[in-house]
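Below is one structure, written out as structure tokens; the observations come after it.
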Amino acid sequence: MKKMWGGRFSKKTDLLTDDFNSSISFDQRLYKQDITGSIAHARMLGKQNIIDPNEAELIIKTLETILIDIEAGNVEFSVSMEDIHMNVEAILTERIGDVGKKLHTGRSRNDQVATDMRLYVKEIADDCKSLIRNLILTLLDLADDHTNTIMPGYTHLQRAQPITFAHHLMAYVEMFKRDMIRMTQVKAMADTLPLGSGALATTTYPLDRSAVAAELDFAFVSLNSLDGVSDRDFCLDFLEAASVLMMHLSRFSEEIILWCSSEFNFITLDDAFSTGSSIMPQKKNPDIAELVRGKTGRVYGNLMGLLTTMKGIPLAYNKDMQEDKEPVFDTYDTIKICLITFAKMIKTLTVNKKTMKKAAAGGFSNATDAADWLVKHGIAFRDAHEIIGKLVFFALEQQKSLDELTLDEYRSISPVFDESIFSAIDLNVCVNQRNIIGGPAEEQVRKAIALNHQWLVQN
Ligand code: ARG
């Protein structure tokens, strides 16, 4: 096929170079954004009498049918037409002849591709946001069932203080809420129309850029044409938001992997979301969580890749920037499948309440509460800390938990103890006395669940 830019060339492009240069294999994903952008551009050209309004109408109608044909799978793209932009234009011209050649008036592929990418990123940011919302709803549902399910809370992966499974899940709800906010910000960062920037210095035609922005639903029009064509910050913003999201999913995955080991045995994953071993018949592996954790690396890689691509590029457009697409596409595909599968895995897991409670009781997670009891009975906190430290040492020697020690044993460490220490170190009491905003008490977690449902309606 004859190149659209072939005029000043006397030789054909080398075949391998054609392949190397071409982006159609991946940027065909932008067909909808490309055609929508072209329709808005054509309509504006007609209205401004830059091209004949009837010809603009013909271009628009034909672009609409091309969109339908691509969606139906009836269009074959060509590598020698390089990218989605020139492929669509070539098909248009094939269908309506010379009129098709007028579409590119006052436009460059440089402002065209920037526009397409912004439309695309706005769309996927919305989609990611709704997938995160769905995961949050799954977590809120599960938390709702477990506001009384005692588990040990950890620091340094050592049992620290008793909390509930609901309280632990709600920590992730907070993280995913921030991820939703980040996706909203990504969309806002992409919400500026670069079309009209031309190749780099706008154009001499009287384009109505605001009309195009209104039709394409952009909030702003770019104020500098060089930046218009060479800004890919919005792609980086998406990759950064995706990286933080994956970091959260990966931490959660790591906990799930630990929790379903025999050593913890806090949860059991549904058979539909686990896999077996080809050699060890007893195995049931948390592959989904491991893959989510593993895929975090490739999303970080995509961010680092594009940051590195962008860092040395002089203004304005350079072909390096064609490398913005695959990291964005791959990241979107990755976080999409991770979010969907992860939510399903969470929805179907079983909680082994007894083991969780036993772990909370066995790990002296109520020791702080025992110290607090002493403080309430007149002992200074530092002294109370020392006394309970001795008590724990004693209990360890006896291989008992704090609630298994007798009152006499307590008194052998400090005469201040009386019978009421036992209710003070009851795990349910320990949890429910932490009854301030942000705490694990059932009342607080129930309030947090309700507040988050409200938040989801507003965001
Ligand atoms: N496929 C190109 C890209 O994605 C489109 C812009 C090409 N512009 C150019 N002057 N070669 O960046």
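The values are calculated or read from the model by the stated rules, or taken from the named source; none is laboratory data. Here the structure is a predicted model, which is why all the values come from computation and not from measurement. All Cβ positions, glycine included, derive from the backbone under ideal geometry; neighbour counts span all protein chains shown.
Of the residues making up segment 350-376, those that are part of a loop (DSSP other than H, G, I, E, B) and modelled with pLDDT of 95 or more number 1.
Only one residue in 401, 414 is touching a residue at least 24 places away in the same chain (Cβ under 8 Å) and in contact with a Gly (Cβ under 6 Å, 6 or more places away or on another chain), so which one is that?
Working: 414 fails: in contact with a Gly (Cβ under 6 Å, 6 or more places away or on another chain).
The match here is 401.
Any residue at all in segment 189-197 that's acidic (Asp, Glu), in a helix (DSSP H, G or I) and in contact (Cβ under 8 Å) with a residue 12 or more places away in the chain? Looking for residues that are acidic (Asp, Glu), in a helix (DSSP H, G or I) and in contact (Cβ under 8 Å) with a residue 12 or more places away in the chain, one finds none in segment 189-197, hence no.
Residue 25 fulfils the conditions (1) within 16 Å of the ligand (Cβ to nearest atom); (2) in a loop (DSSP other than H, G, I, E, B); (3) surrounded by fewer than 19 Cβ atoms within 10 Å (Cβ to Cβ) except for a single criterion, (2).
Flag: residue 54 does not match the condition of being under 33 Å from the mean Cα position of the chain (by Cα), modelled with pLDDT of 95 or more and part of a helix (DSSP H, G or I).
Of all residues in segment 293-325, those being touching a residue at least 40 places away in the same chain (Cβ under 8 Å), charged (D, E, K, R) and more than 16 Å from the ligand (Cβ to nearest atom) number 2.
Within segment 129-163, how many residues are of a type in the set (S, T, N, Q), outside any helix (DSSP H, G or I) and without any contact (Cβ under 8 Å) to a residue 12 or more places away in the chain? So the count comes out to 1.
Just one of the numbered conditions (1) buried (at least 16 other Cβ atoms within 10 Å of the Cβ); (2) more than 16 Å from the ligand (Cβ to nearest atom); (3) assigned to a helix (DSSP H, G or I); (4) β-branched (Val, Ile, Thr) is not true of residue 88: (2).
Within segment 287-306, can one find any residue that is surrounded by fewer than 18 Cβ atoms within 10 Å (Cβ to Cβ) and at pLDDT below 95? Yes: segment 287-306 contains one or more residues that are surrounded by fewer than 18 Cβ atoms within 10 Å (Cβ to Cβ) and at pLDDT below 95.
Number of residues in segment 199-219 that are farther than 22 Å from residue 46 by Cα and away from the ligand (no atom under 16 Å from the Cβ) equals 1.
For residue 37, are the conditions met, namely being surrounded by 14 or more Cβ atoms within 10 Å (Cβ to Cβ), within 14 Å of the ligand (Cβ to nearest atom), not in a loop (DSSP other than H, G, I, E, B) and not aromatic (Phe, Trp, Tyr)? So residue 37 fits the description; yes. When segment 91-128 is filtered for residues that are within 12 Å of the ligand (Cβ to nearest atom) and either more than 20 Å from residue 46 (Cβ to Cβ) or assigned to a helix (DSSP H, G or I) (or both), the ones remaining, listed by number, are 109, 110, 111, 112, 113, 114, 115, 116, 117, 120.
Residue-by-condition table, conditions (1) more than 27 Å from residue 251 (Cα to Cα); (2) among the aromatic types (Phe, Trp, Tyr); (3) within 23 Å of the chain's Cα centre (by Cα); (4) at pLDDT below 95:
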residue	(1), (2), (3), (4)
112	yes, no, no, no
158	no, no, no, yes
167	no, no, yes, no
173	no, no, yes, no
184	no, no, yes, no
212	yes, no, no, no
